[in-house]
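The values are calculated or read from the model by the stated rules, or taken from the named source; none is laboratory data. Just so you know, these numbers come straight off a predicted model, no measurement behind them. Using ideal geometry, Cβ is built from the backbone for each residue, glycine included, and neighbour counts are taken over all protein chains shown. Just so you know, the surface numbers come from the protein's heavy atoms only, side chains and all, with ligands and any DNA or RNA stripped out. Shrake-Rupley method; radii C 1.70, N 1.55, O 1.52, S 1.80 Å.
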Amino acid sequence: IKMHVTMNGDPEKDTISKLKTLGKLHGQILDTCMGLGYTAIAAARQPDVQGVTVCEADANMFALCRENPWSAGLFENPAIHPVLKPVQEHVPDIPDESVNAVIHDPPRFALAPALYSEQFYRQLFRILTAKGRMYHYTGDPNRRTRRSSLPQKTMSLLKKVGFRKVREAYFGVIAFT
């Protein structure tokens, strides 16, 4: 499964572009899907970030990260809190309005439809602080063959659950509480 946008770049440039979309990060961050952990590691390096919780559903991916030298920061940086649990099972335990930003870079829809659901988006909205923000990587699969694009459908659902200032940004969507 391709995990990063590599057109005209590499995983590091992709990570930087995703974080730039969120602007200056501070406080508590939730990275919903760890993957190789590059986004969580980069977010934790931001000077005003106090902590990054990062979830991963797949124990094999967790083990791979322990072996990958570029993922070492996940387990060495005390500001990063890796959780081996599907994010949709972890988010209900997060207190209301306790997260400043969410980085939602899930597997494609066909592999994880729950991570694109109205119910899940409501949970993310609930945990975000006032003036919180979320970057949601969607890509735009099958845009030429569908009547509406995945980013458009995602923006519609995010608005429905209460997000405002929802717009397309870097292969996905940015939304504000």
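The figures follow:
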item: Estimated FRET transfer efficiency (SER156, LYS85; beta-carbon r; R0 25 Å; 0.05); result: 0.30
item: Probe 1.4 Å, protein heavy atoms only - accessible area per residue of the chain in square angstrom; result: 53 Å²
item: Rounded to 5, the percent of DSSP beta bridges in the chain classed as antiparallel; result: 35 percent
item: Cα-Cα over 26 Å, subset of LYS20/LYS159; LYS13/LYS160; LYS18/LYS131; result: LYS13/LYS160
item: Percent breakdown of C-alpha pair distances by 10 Å bin, ordered from the shortest bin, for the range 34-177; result: 11, 40, 36, 12, 1
item: For HIS81, residues with placed amide H under 5 Å, excluding near neighbours; result: VAL52, THR53, VAL54
item: Approximate spin-label separation ASN60-LYS13, in nm, with each point projected 7 Å along Cα-to-Cβ; result: 3.0 nm
item: Carbon and sulfur %, accessible surface of the range 71-177 computed with the full protein complex present, 1.4 Å; result: 52 percent
item: Value in Å of the Kirkwood radius, where the range 53-103 supplies the Cα pairs that are averaged; result: 12.0 Å
